[in-house]
Amino acid sequence: MNKYLMTPGPVPVSPDVSRSQARPLIGHRGGDFSGLFLSIEAKLARLLRSGGRTVIFPASGTGALESLAASFAGPGVKALSVSCGVFGDRFREIAELHGTEIVRVDIAPGEGVAPEAVADAVAANPECGVLLLTQNETSTGVLNPIDRIIAAIPKEKRPIVLVDGVSSVGAMPCFPEEWGIDGLATASQKGLLTPPGLAFVWLSERGWKAVSERTCPSYYFDLERQRKVLDKDAPENPYTPPVSLYYALDAALDEILIDGWFDLRRRAASALAAGMEALGFSLFVKDVNFRSPGVTAFSFPSGDISSVSKALKAMGIDTAGGQAQLKGKIIRMSHYHDVRWPEISLALGALYAALGPGRAGCGDFMKAAFGAWEGDQHGDV
Ligand code: PMP
C-alpha cells in the first residue's frame, strides 16, 4: 500500500532531495564543504530576502528556540510572550527556564494574534526588553501577521523581536530584515522540505550587536561562537555537521525558490479548506485571514474525529491529532510539500471515504475545492 505523509513535520521530501543524501560524504573542514555551505547560505538569503548570515545547527527546531532564548533572555530580562497555542507556550517555557521574567499575552487556540493587541501590550509593559512571537502556530493552524504586528509597534519602542518560524519559513513569506525581526528560528523538516535534523537562526544587525554584549550560558548554542566561524573566508560549521542533510537542504531550496511557490501553498490550503467544509468538517481557524498555508486543523461536529483519523490511517494517510486540550478534538493535515490538484483530490477523496455513514450529507465537495483551487476566493493571507 502506498503511504502518504501529511503530518505537520516531518513532511514528505521529493525523490531528488532523498537521493541527494546518498552522495559521497565530504570532510567538513575544507573548500568543498564551504562551497556547499555558501550555496545554502545564498539560497536562504534569497528565501528570507536578507543579506544577513544564517547560523545552522545540527538540532531540531527547539534547539534554535533554545539558542535564541539563551542569547537574548535570561536573569534580569523581562520578556513579553504572546502565545496562541502549544508552540507559543513552548517558546515561553524555554525563555522562563533560562531565568527570564515573563509577561504573558494569551490568545485563545484557533484565534490569531491581532497587531493592536501586541502593540498595546508593548506600550503597557515598556520594561520588557524582548518580545516572543510565533509566526505559524502548528498546533492550531494559525498564521500570525508578523509583519503587521511589528509594524504596529513604534520603531523607537520596539523590544528585541524574537520569532519562532519553525513551521513557517519556506511555505509562506517570512522576510525578517524587511519586517524588523531581530531573531528568527526555524528548522528543516517543515516548510524547508528537508528531513529533520537542522535548525537555523537568523539575526538582524541589532540582534548581532545585542548578543555581542552578553555572555551566552550555552556553549553549543552560542551564536557569537558560531559567527566567528561563519566570518572566515571559507565559512564552515564549528562542530561536525550532518553533511548529508546539507546536501538535502541545498536540493530542497531549489524546489522552494520557484516563482509562485507561496501562492501555490496558499491556493492548496484554500482548496482543501473549501472541500473540507463542503464535506461537513469544521475548520478550527474560523477567520480565513489567519489560516496557515502549511497546515489545516479541522474537527467533525457531527461525528467522531478519531474514527476519521483511524480510517485515513487505514488508507495509508498519516495525519496528526490535536495537542494538549485539543487532543482527540481535531485532525491536523499538512500541505507544506508540492500539493497541487492531484494531491488535493486524493486528500479530499480519502476524507470522503473516511466519513463513514456521515458522508450521506456531503455537499459537492470536489466542486467547492476546485472552485477555490481555480479562483483562490479566500482572499489575501
Ligand atoms: N515551534 C513550532 C511552531 C513547531 O511547529 C515545532 C514543531 N512542531 C517546534 C517549535 C518544535 O520543533 P522541533 O520538534 O523540530 O524541535
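The values are calculated or read from the model by the stated rules, or taken from the named source; none is laboratory data. Please read all numbers here as calculations on a predicted model, not as lab measurements. A quick note on method: Cβ atoms are made from the backbone with ideal geometry, for glycine too, and the neighbour counts reach across all protein chains shown. Side chains included, ligands, DNA and RNA excluded: accessible areas come from the protein's heavy atoms. Shrake-Rupley method; radii C 1.70, N 1.55, O 1.52, S 1.80 Å.
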**OP:** Report the residue count in segment 240-261 for those that are in a helix (DSSP H, G or I) and farther than 20 Å from Tyr220 by Cβ.
**Re:** 11
**OP:** Tell me which of these Phe175 doesn't satisfy, since it passes every other one: (1) more than 15 Å from the ligand (Cβ to nearest atom); (2) buried (at least 24 other Cβ atoms within 10 Å of the Cβ); (3) farther than 30 Å from Lys327 by Cα.
**Re:** (2)
**OP:** Identify, from the list Met333, Met366, the residue that is in a strand (DSSP E or B) and not acidic (Asp, Glu).
**Re:** Met333
Original post:
Would it be correct to say that Ala297 is in a strand (DSSP E or B) and in contact (Cβ under 8 Å) with a residue 40 or more places away in the chain?
Top reply: yes
**OP:** Among the residues of segment 111-161, write down those that are under 22 Å from the mean Cα position of the chain (by Cα), closer than 24 Å to Val211 by Cβ and hydrophobic (A, V, I, L, M, F, W, C).
**Re:** Val118, Val130, Leu131, Leu132, Leu133, Ile146, Ile149, Ile150, Ile160, Val161
Original post:
Would you say Asp106 is within 14 Å of the ligand (Cβ to nearest atom), under 21 Å from Ser168 (Cα atoms) and open to solvent by 10 Å² or more (accessible area, probe 1.4 Å)?
Top reply: no
**OP:** Within segment 217-253, track down each residue that is touching a residue at least 12 places away in the same chain (Cβ under 8 Å), over 25 Å from the mean Cα position of the chain (by Cα) and within 20 Å of Ile94 (Cα to Cα).
**Re:** Pro217
Original post:
Which is within 28 Å of Gln325 (Cβ to Cβ), near the ligand (Cβ under 10 Å from one of its atoms) and open to solvent by less than 20 Å² (accessible area, probe 1.4 Å), of Gln189, Gln135?
Top reply: Gln135
